[in-house]
Each structure stands twice: as structure tokens, then as C-alpha cells.
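Engineer: Quick one: the structure is below, questions incoming.
The values are calculated or read from the model by the stated rules, or taken from the named source; none is laboratory data. Everything numeric here is computed off the predicted structure, so don't read it as measured data. Cβ placement follows ideal geometry from the backbone for every residue including glycine, while neighbour counts extend to all protein chains displayed. The protein model used for the area step is the full one, side chains on, heavy atoms only, and it has no ligands, DNA or RNA in it. Shrake-Rupley method; radii C 1.70, N 1.55, O 1.52, S 1.80 Å.
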Amino acid sequence: PVRSEYLKEIGLRLAAGIPDRKVPFQIRIVDVPDLNGFSLPGGYIYVTRNLIATANSEEELAAILAHEMGHVMERHSVRHMSREAPANVLRIPGKVAGAIFGDRMGGIVNAPVNLVAGLNLARYSRKLEREADLYGMKLLAAAGYDPNAMATFVGHLSRVEAITTGTVEKRDYFSTHPYTPDRVRDITTVAGEMTHDPRP
């Protein structure tokens, strides 16, 4: 309850920077060990306890919430589903073939669709992540937090995941998130052009 109330206070501070906001944010902690944060339509934001524990400062916690608020305000869930709809239509022949000739045939028919759709959706998801970063940085600055906290946390999270999994991140065209070095560079560049009044 103490952590939930703390996150709620940060969320209210960030939300104050959204003009004409019609969505009430609901911030919840998910008691699982994963490093993850996600949002759903209607202003629901979820962060896992380990993601919270990974943050090194209040500014980094604010960066997590601001990024997810960006997803909500830019309607990314709805836009992503709309983007996926045409591929689902193109998969119908493969599903029919699978029902008649077996799952293997259905997989063969749909393989090209899945490949192209996977690449397109991954590229689109990376675009949405960049949008959420930018929106979140604006909220951070408006709330008196350093927008560079977004880059600091993204870089820190990447290092923690590398240590946890024992693998170093590589550029992957099927990844739903931008390659971390590129993402940190882009955030740092934009943050350098922003001004903020440090919070009291």
C-alpha cells in the first residue's frame, strides 16, 4: 500500500501536465518478478515490483509512469490492434487450409503472411515506443523531473536484463522495442533541447 500510494502521487504530478485530460489513470503494482510495465486502454497502468525495485531514483520511477502514460494518451493499444487487423484477414486462407489439410499445411500457407506481418508490426511497435518516450519526456519536464531520466532508466534496465539473462542485446528487426543504444541516443538528444524547472 505504501508503494502504491507513492506511485499514485508521482502519477498525479505527471498527469497535471496533460491538458484537457479525460482519462483517469489507475496505477497498479503487479506482484511478479518480471521486469515489465504496460498499459491498457482506459488509463490502466501496471508496473511489476521488480521494475520498481530496478529504478534508482524517483525520477526514474516517474520516467516509467510517464512512458506508460504516453502509450495511453496516444491510444497505442487501439492503434496497434487496428494495424494488426489486415494481417488477420490475410491469414484466413491459411486457417482454411489448416482446417482441411492439417495444421502443417496451414502454417506453410501463412508463413509469408506471418513473416511480413511480424516485421511490419515490430517496426510499428518500435515507432509507438519512440512516441511514448517523447510524450513521457514532455510530462517529466512539465512535472519538474529531468527528462534525461528516461535515457538513464532505459540504459540501466538494459544492463540489468543483460546481467539477469546472461545475453547482450543485439539489433533485432523483429523486436518490439528500439535497439537500446539508439533509443538512449535519441532520448538524450531530445532531452538536451528541453528545459525543466527542478521540482522542490
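Engineer: Does the stretch 136-150 include one or more residues that are without any contact (Cβ under 8 Å) to a residue 40 or more places away in the chain and under 26 Å from Tyr173 (Cα atoms)? Before the answer, list the steps.
Structural biologist: If we filter the stretch 136-150 for residues that are without any contact (Cβ under 8 Å) to a residue 40 or more places away in the chain, which is where we start, we get none.
No, that holds for no residue.
Engineer: Of all residues in the stretch 120-133, which are aliphatic (A, V, I, L, M), out of contact with any Phe, Trp or Tyr (no Cβ under 6 Å at 6 or more places or on another chain) and surrounded by fewer than 18 Cβ atoms within 10 Å (Cβ to Cβ)? I'd like the intermediate steps shown before the answer.
Structural biologist: Our first condition is that a residue be aliphatic (A, V, I, L, M); within the stretch 120-133, this holds for 121-122, 128, 132.
Going one step further and asking which of them are out of contact with any Phe, Trp or Tyr (no Cβ under 6 Å at 6 or more places or on another chain), we end up with 121, 128, 132.
Correct list: Leu121 only.
Engineer: Which of (1) loosely packed, with under 15 Cβ neighbours inside 10 Å; (2) on the phi > 0 side of the Ramachandran plot; (3) not acidic (Asp, Glu) does Gly43 not meet, given it meets every other one?
Structural biologist: (1)
Engineer: Oh, and also: Counting just the residues of the stretch 95-104 that are within 30 Å of Ser175 (Cβ to Cβ) and open to solvent by 80 Å² or more (accessible area, probe 1.4 Å), which one comes out nearest to the chain's Cα centre (by Cα)?
Structural biologist: Here the residue is Lys95.
Engineer: Turning to a different aspect of this structure: Mind counting the residues in the stretch 143-171 that are out of contact with any helix residue (DSSP H, G or I) (no Cβ under 8 Å at 6 or more places or on another chain), on the phi < 0 side of the Ramachandran plot and open to solvent by 60 Å² or more (accessible area, probe 1.4 Å)?
Structural biologist: 8
Engineer: Determine if the stretch 46-58 includes at least one residue that is in a loop (DSSP other than H, G, I, E, B) and at positive phi.
Structural biologist: Start the filter on the stretch 46-58 by keeping residues that are in a loop (DSSP other than H, G, I, E, B), which leaves 55-57.
When the remaining residues are screened for being at positive phi, the result is none.
Checking the stretch 46-58: not a single residue is in a loop (DSSP other than H, G, I, E, B) and at positive phi.
Engineer: Still on this structure, I have one more. Would you be able to say whether some residue in the stretch 63-71 is open to solvent by 10 Å² or more (accessible area, probe 1.4 Å) and in a loop (DSSP other than H, G, I, E, B)? Lay out the reasoning, then the answer.
Structural biologist: Looking only at the stretch 63-71, we keep the residues that are open to solvent by 10 Å² or more (accessible area, probe 1.4 Å), and these are 64, 67-68, 71.
Cutting the leftovers down to in a loop (DSSP other than H, G, I, E, B) gives us none.
No, the stretch 63-71 has no match at all.
Engineer: What number of residues within the stretch 72-94 are outside any loop (DSSP other than H, G, I, E, B), surrounded by 13 or more Cβ atoms within 10 Å (Cβ to Cβ) and more than 16 Å from the chain's Cα centre (by Cα)? Explain how you work it out, then say what you get.
Structural biologist: So the first thing to find is which residues in the stretch 72-94 are outside any loop (DSSP other than H, G, I, E, B), and the list is 72-73, 76-90, 92-94.
Filter again for surrounded by 13 or more Cβ atoms within 10 Å (Cβ to Cβ), leaving 72-73, 76-77, 79-80, 83-84, 87, 90, 93-94.
From what is left, the residues that are more than 16 Å from the chain's Cα centre (by Cα) are 83-84, 87, 90, 93-94.
Matching residues across the stretch 72-94 total 6.
Engineer: Restricting attention to the stretch 117-127, which residues are out of contact with any Asp or Glu (no Cβ under 7 Å at 6 or more places or on another chain) and either closer than 19 Å to Leu14 by Cβ or touching a residue at least 12 places away in the same chain (Cβ under 8 Å) (or both)?
Structural biologist: The first filter runs over the stretch 117-127 and keeps only residues out of contact with any Asp or Glu (no Cβ under 7 Å at 6 or more places or on another chain), leaving 117-120, 122-127.
Ala117, Gly118, Leu119, Asn120, Ala122, Arg123, Tyr124, Ser125, Arg126, listed by residue number.
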